[in-house]
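The values are calculated or read from the model by the stated rules, or taken from the named source; none is laboratory data. In this text, all values refer to a predicted model and were calculated from it rather than measured experimentally. Here Cβ is always computed from backbone atoms with ideal geometry, including for glycine, and neighbour counts include all displayed protein chains.
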Amino acid sequence: MATVGFVGLGIMGRPMLRNLIKAGHTVVAFGRTPAKLDAAVADGAQRCSSNADVGARAEIVITMLPDGPEVEEVVLGPDGILSGSKPGSLIIDMSSISPLVSRKIATACAEKGVDFLDAPVSGGEPKAVDGTLAIMVGGKPEVFSKAEPILKCMGSTVSLTGPVGAGNTTKLANQIMVACNIAAMGEALALATRCGLNPEVVVSAVKAGLAGSAVLNTKGPMLIARNFKPGFRINLHQKDLRNALETAEANSVCLPLTAQVQQMISSLIADGKGDIDHSAIATFVESASHVEVKALSA
């Protein structure tokens with residue numbers, strides 16, 4: 001069993017850390033929020049004094065942070081993980097960030113003889129809790145082989161998608177499909193509700209057909225129940241679509257649906273909905289149509 005470092009103890013990071021501990025790994029952790037670090041220690045992690053301390057004490061370090069600037073600071077900063085890491089160690093960034101930032105960090109790691117993988121995840125808090133995340137990895141095959149047993153403690157599917165940066169490019173593709181799917185679901189269920197149908201019945205009727213999806217199965221009931229407790233916040237989905245659009249521009253790819261959904265998300269954030277679950281992307285159509293998707297009274 002490896003000694004695994006962990007930095008990033010939020011909605012996703014803490015259950016991922018717990019699953020590493022459950023699998024028998026020694027986990028050392030650090031976070032800038034004392035209460036979150038205290039909770040991780042209560043879960044069985046060992047407390048570190050800094051990001052550099054994590055790098056010094058662990059042969060493999062995992063980061064799970066909001067965006068690229070935070071990852072750069074935590075890994076490459078003056079007291080960052082890399083400053084404490086030994087040659088031959090491995091840093092796995094499981095955040096969802098720009099592929100360009102992943103490659104920048106990988107280059108800095110290589111200069112010190114440290115391996116790097118980008119390994120963003122999909123599945124939200126429920127799959128982080130039960131250890132069934134989909135993990136998309138970019139890096140060298142031999143480094144992936146070293147990391148795969150660790151990653152399988154947190155995910156049910158762990159896929160090497162290409163060199164460094166490929167993991168985050170795959171995650172951007174995932175986030176485009178999820179966002180557009182939620183928006184389409186909102187349009188469909190708003191129409192059905194306005195026409196007098198029970199959206200629960202509509203979801204049940206279509207989910208076994210071609211319109212069925214994990215988004216419909218997971219986010220449809222949340223929308224109908226008006227349950228927007230965040231498993232993945234709208235603010236973070238906006239960040240992912242921004243990274244997708246910037247990557248598309250750099251590669252001369254047109255993403256008209258992504259751009260439209262990004263505008264919908266911006267409107268929701270301006271309306272104060274940035275910190276609720278991304279299933280609420282569907283509420284943009286509700287507001288525009290003056291209809292609320294909810295179960296009909298018996």
Discussion item. Can you confirm whether Ala183 is of a type outside the set (Ser, Thr, Tyr) and surrounded by 21 or more Cβ atoms within 10 Å (Cβ to Cβ)?
Written reply: no
Fill in: Failed item, numbered, when Ser83 is tested on (1) surrounded by fewer than 22 Cβ atoms within 10 Å (Cβ to Cβ); (2) among the hydroxyl-bearing types (Ser, Thr, Tyr); (3) in contact with a strand residue (DSSP E or B) (Cβ under 7 Å, 6 or more places away or on another chain)
(3)
Item to complete: Give the residues of region 251-268 that are aliphatic (A, V, I, L, M) and either surrounded by 15 or more Cβ atoms within 10 Å (Cβ to Cβ) or not assigned by TED's automatic domain parsing to the domain that holds Cys180 (or both), sorted by residue number.
Response: Leu255, Val261, Met264, Ile265, Leu268
Fill in: Any hit, region 100-123, residues being surrounded by fewer than 24 Cβ atoms within 10 Å (Cβ to Cβ), in contact with a Lys or Arg (Cβ under 8 Å, 6 or more places away or on another chain), of a type outside the set (Asp, Glu) and closer than 26 Å to Arg233 by Cβ
yes
